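Undergrad: To start, I am sharing the structure in question, which I have written as structure tokens.
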Amino acid sequence: MKDSRDKLELVDIYKTYRVGPVTTQVLCGINLEVAAGDLVSIMGASGSGKTTLMNTIGLLDHPTSGAYIFQGQNTAKLKDKQLSTLRGRHVGFVFQSFHLLPLLTALENVALPLVYQGESRSQMKRRALEELEKVSMSDRVNHRPDQLSGGQKQRVAIARALVVQPSLLLADEPTGALDPDTANDVIVLLKKMNAEQGVTILIITHDPAVARQCKRQLQIDNGQLIENHVKAAIDRESFVPDVGADYFAQVTTG
Amino acid sequence: MFRIVSIARANSREALSSLRAARLRTILGLIGISVGISSVIAMISVGEIAKQQARKQFESMGTNIVVVRKSHSISTSEGREQQIQLSDVMNMTQSIPSITDAGTRISGYGGFVHAGTEVGEGSIQGVTQSFASVAKLPVRSGRFISDLDINRLFCVVGYDIALAMREAGTFEIEGSLIELEGNLFTVIGSLGPVSENYALPVNIDANRSVFVPISTSSRLNSKPEIDVIIARSRKDLNYELVTEEVTNYFRSRNPDLVLDVFSAQQLIKQMEAQMQTFTLLLATVGSISLIVGGVGIMNIMLVSVAERRREIAIRRALGARRGDIQSQFLIESVILTMAGGLLGIGIGLAATYVICQFTGWDYLVSPISVVSGLVTATFAGLFFGYQPARQAARLDPIVGLQSGG
């Protein structure tokens with residue numbers, strides 16, 4: 001199982017964007033600790049800073065101030081090369097619009113992260129096939145993304161994210177481009193991976209139905225995180241999906 | 001180390017498929033670079049072949065040849081033209097230490113009649129015995145003119161004349177008679193074919209000439225005049241020394257006589273200088289087209305980077321370092337220029353072949369040109385691909401993930 005190094009910790013994270021004279025505060029003092037193997041959802045309205053938070057956690061973006069401890073290291077001090085290595089080995093990404101490379105087959109897409117790990121070709125193929133098997137895509141290995149449905153693409157994307165056996169999987173609106181049934185399949189798959197492989201999963205979503213299925217739920221509003229302790233309360237309510245963040249606001253305040 | 005190999009292999013494979021995907025752009029890039037490379041190839045090949053050709057000409061003529069000619073540009077003070085004296089030519093080998101052999105001629109022109117038929121017209125050259133050896137005239141049958149054939153009506157016929165005489169029905173050429181400008185000469189020998197050497201400042205045209213003793217020629221010719229001396233120097237000597245000795249010798253004999261002295265080495269140097277001008281011209285054309293082609297490649301790569309910002313960002317998210325992205329685009333541009341280079345080598349060699357057909361030079365594939373074509377192509381790929389690749393590597397993945405394409 002995962003050791004304590006696999007927990008991640010954000011301490012007082014600020015992120016400011018400066019475009020000309022306009023300064024935008026996107027993240028305002030984020031404090032967050034995520035235990036290894038957790039399944040966390042982060043909800044928030046558009047422009048609330050949830051994507052910036054994910055990019056920061058995924059080592060794609062640098063915070064303006066604050067400390068981010070990942071894999072036992074303060075990432076603020078790391079150079080691009082080390083960040084890339086850390087990201088490649090320990091972080092898997094799943095995006096709303098899948099972001100598969102159109103010229104590569106499903107197999108090649110899944111194997112791509114292994115290229116940057118310097119794996120041998122046979123090893124790459126073996127592991128990519130294994131991963132495609134886990135997401136039930138074994139019969140589509142030589143298909144190009146344009147020959148796959150949305151749900152299938154997202155399965156391939158999940159396989160790609162997990163092929164390096166990362167400690168953390170970041171999913172940015174993984175169901176945003178899918179119909180409800182397919183969306184549910186994807187969430188079920190993510191939950192299964194979390195349960196079976198112990199990978200920490202952070203799902204960014206604005207779909208309460210998705211958030212509801214996570215062990216821990218957070219909400220981001222104006223660059224600040226709010227822990228949502230009312231999961232039980234929501235569960236008791238006769239839940240109507242797709243009402244958005246306003247519903248949460250009502251529940252928390254009400 | 002293993003990581004680099006693995007990435008390079010994957011990058012090359014993907015570069016090929018992405019070049020295939022953007023077919024039209026790839027073809028345009030190929031055209032640009034192949035024109036540049038083909039100019040470079042043609043430039044080097046033609047230069048190489050021309051040099052080879054010149055060397056061959058001099059090798060057949062011998063690099064120790066010295067040609068002395070009356071200078072055309074000078075008219076003498078007394079208004080009377082100064083002449084090269086035969087006796088001075090005959091004394092050259094004894095008086096000039098660097099000269100081992102010297103021959104000369106008096107040139108005339110006329111028609112040749114044999115057995116009642118005209119067998120050609122050409123120069124009638126009154127020559128010394130040494131002329132055969134200094135001008136490398138191959139005696140095929142009989143013998144050449146001897147210095148002892150004084151005033152004799154003997155002649156040696158060139159290859160084409162001998163051929164014409166055979167066609168006129170004479171099988172035994174030696175001993176047969178030929179009429180030159182009203183005088184009957186006895187043929188004492190014939191020459192084999194001689195290829196004319198245009199690099200020399202003297203026109204011999206041996207195939208269509210008849211050679212007679214110089215003494216005979218000076219009696220029959222209305223205006224006998226020695227126009228050229230062909231000499232041979234000792235092989236190991238510096239040409240400047242030889243030229244100086246020859247010039248000094250003739251100046252001591254007749255200060256009013258102005259001569260031009262040419263040595264093979266000097267001619268080779270001149271020719272090389274001319275070639276250099278030619279090569280420089282081709283190099284300029286080649287470089288310009290290479291730069292134009294290279295800028296085309298750069299443009300294509302910049303467009304490619306702009307179009308694939310999302311792909312770059314995805315790769316970065318999957319663990320690609322800046323260097324990996326840079327190498328990916330460098331490999332792509334190098335593959336593009338190498339392909340253009342191979343195409344250019346083909347076109348360049350074909351162009352060289354056509355040039356050789358026109359000039360009559362022997363065609364050969366110079367390995368140097370092929371190697372330098374490939375090296376230039378690779379270098380062009382690295383040079384013109386560097387900026388786009390750097391731009392790709394510096395792309396912010398966050399921006400790239402939000403962009404389309």
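Undergrad: In region A:114-146, which residues are among the basic types (Lys, Arg) and free of Cβ contacts under 8 Å to residues at least 24 places away in the same chain?
TA: A:121, A:125, A:126
Undergrad: Out of region A:42-99, which residues are without any contact (Cβ under 8 Å) to a residue 24 or more places away in the chain and in a strand (DSSP E or B)?
TA: Scanning region A:42-99 gives A:73, A:74.
Undergrad: Shifting gears a bit: Evaluate the following for residue B:262: is it among the hydrophobic types (A, V, I, L, M, F, W, C) and over 19 Å from residue B:97 (Cβ atoms)?
TA: Numbers: among the hydrophobic types (A, V, I, L, M, F, W, C): yes; over 19 Å from residue B:97 (Cβ atoms): yes.
In short, yes.
Undergrad: Ok, one more. Taking residue B:7 and the conditions (1) open to solvent by less than 30 Å² (accessible area, probe 1.4 Å); (2) within 14 Å of another protein chain (Cβ to nearest Cβ); (3) modelled with pLDDT of 85 or more, which numbered condition does it fall short on, given that it satisfies the others?
TA: (3)
Undergrad: State whether the residues of region B:20-38 include one that is facing another protein chain (nearest Cβ under 10 Å) and open to solvent by 30 Å² or more (accessible area, probe 1.4 Å).
TA: Yes, there is a match, as at least one residue in region B:20-38 is facing another protein chain (nearest Cβ under 10 Å) and open to solvent by 30 Å² or more (accessible area, probe 1.4 Å).
Undergrad: Please state which one of A:72, A:29, A:37 is over 26 Å from residue B:314 (Cα atoms) and at pLDDT below 95.
TA: A:29
Undergrad: While we're here: Mind listing whichever residues of region B:129-148 are part of a loop (DSSP other than H, G, I, E, B) and open to solvent by less than 10 Å² (accessible area, probe 1.4 Å)?
TA: Kept after step one, since they are part of a loop (DSSP other than H, G, I, E, B), are these residues of region B:129-148: B:129-130, B:135-138, B:143-148.
Scanning region B:129-148 gives B:135, B:145.
Undergrad: Which one of the conditions (1) surrounded by fewer than 22 Cβ atoms within 10 Å (Cβ to Cβ); (2) at pLDDT 90 or above does residue A:3 fail to meet, given that it meets all the rest?
TA: (2)
Undergrad: Here is a list: B:325, B:335, B:314, B:345. Which entry is more than 14 Å from every other protein chain (Cβ to nearest Cβ) and crowded, with 22+ Cβ neighbours inside 10 Å?
TA: Exactly one residue qualifies, and that residue is B:345.
Undergrad: Another question about this same structure. Return yes when residue A:132 is open to solvent by less than 10 Å² (accessible area, probe 1.4 Å), in a helix (DSSP H, G or I) and away from chain B (no Cβ under 14 Å) and no when it is not.
TA: yes
Undergrad: Is it fair to say residue A:29 is surrounded by fewer than 15 Cβ atoms within 10 Å (Cβ to Cβ), away from chain B (no Cβ under 13 Å) and farther than 17 Å from residue A:159 by Cα?
TA: For residue A:29, the condition - surrounded by fewer than 15 Cβ atoms within 10 Å (Cβ to Cβ), away from chain B (no Cβ under 13 Å) and farther than 17 Å from residue A:159 by Cα - is not met.
Undergrad: Right, residue A:243: closer than 24 Å to residue A:150 by Cα and at pLDDT 90 or above or not? Break it down stepwise before answering.
TA: Details: closer than 24 Å to residue A:150 by Cα: yes; at pLDDT 90 or above: no.
No, not satisfied.
Undergrad: On the given criteria, is residue A:51 within 13 Å of another protein chain (Cβ to nearest Cβ), touching a His at 6+ places or on another chain (Cβ under 8 Å) and either among the polar types (S, T, N, Q) or crowded, with 20+ Cβ neighbours inside 10 Å (or both)? Write out each step before concluding.
TA: On the way: within 13 Å of another protein chain (Cβ to nearest Cβ): yes; touching a His at 6+ places or on another chain (Cβ under 8 Å): no; either among the polar types (S, T, N, Q) or crowded, with 20+ Cβ neighbours inside 10 Å (or both): yes.
No: the conditions fail for residue A:51.
Undergrad: Additional query: Give the number of residues within region B:97-128 that are in a loop (DSSP other than H, G, I, E, B) and buried (at least 16 other Cβ atoms within 10 Å of the Cβ).
TA: Residues in region B:97-128 being in a loop (DSSP other than H, G, I, E, B) and buried (at least 16 other Cβ atoms within 10 Å of the Cβ): 2 in total.
Undergrad: Also, I was wondering about something else. In region B:224-271, how many are acidic (Asp, Glu), part of a helix (DSSP H, G or I) and surrounded by 14 or more Cβ atoms within 10 Å (Cβ to Cβ)?
TA: Here the count works out to 1.
Undergrad: Now for a separate question. Give the number of residues within region B:353-362 that are within 12 Å of the chain's Cα centre (by Cα) and either surrounded by 14 or more Cβ atoms within 10 Å (Cβ to Cβ) or more than 14 Å from residue B:47 (Cβ to Cβ) (or both).
TA: Here the count works out to 5.
Matching residues to (1) more than 12 Å from chain B (Cβ to nearest Cβ); (2) farther than 26 Å from residue A:48 by Cα; (3) touching a Pro at 6+ places or on another chain (Cβ under 9 Å):
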| position | (1), (2), (3) |
| --- | --- |
| A:107 | yes, yes, no |
| A:111 | no, yes, no |
| A:137 | yes, yes, no |
| A:150 | yes, yes, no |
| A:159 | yes, yes, no |
| A:177 | yes, no, no |
| A:184 | yes, no, no |
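Undergrad: Could you figure out which of (1) touching a Lys or Arg at 6+ places or on another chain (Cβ under 6 Å); (2) closer than 24 Å to residue B:198 by Cβ isn't true of residue B:109?
TA: (1)
Undergrad: Of all residues in region B:350-399, how many are of a type in the set (Phe, Trp, Tyr) and part of a loop (DSSP other than H, G, I, E, B)?
TA: Taking region B:350-399 first, the residues of a type in the set (Phe, Trp, Tyr) are B:353, B:358, B:361, B:363, B:379, B:383-384, B:386.
Next, only the ones that are part of a loop (DSSP other than H, G, I, E, B) stay: B:361, B:363.
Total satisfying the criteria: 2.
Undergrad: Continuing with this model, one more query. Residue by residue through region A:69-91, note down the ones that are buried (at least 22 other Cβ atoms within 10 Å of the Cβ) and more than 10 Å from chain B (Cβ to nearest Cβ).
TA: Within region A:69-91, just A:70 meets the criteria.
Undergrad: So, one more: I need a count of the residues in region A:54-68 that are more than 16 Å from residue B:316 (Cβ to Cβ) and surrounded by 16 or more Cβ atoms within 10 Å (Cβ to Cβ).
TA: Residues that pass the stated criteria total 3.
The values are calculated or read from the model by the stated rules, or taken from the named source; none is laboratory data. Bear in mind that the values here come from a model prediction, so they are computed numbers and not experimental data. Cβ sites come from the backbone with ideal geometry, for glycine too, and all protein chains shown count toward neighbours. The protein model used for the area step is the full one, side chains on, heavy atoms only, and it has no ligands, DNA or RNA in it. Shrake-Rupley method; radii C 1.70, N 1.55, O 1.52, S 1.80 Å.
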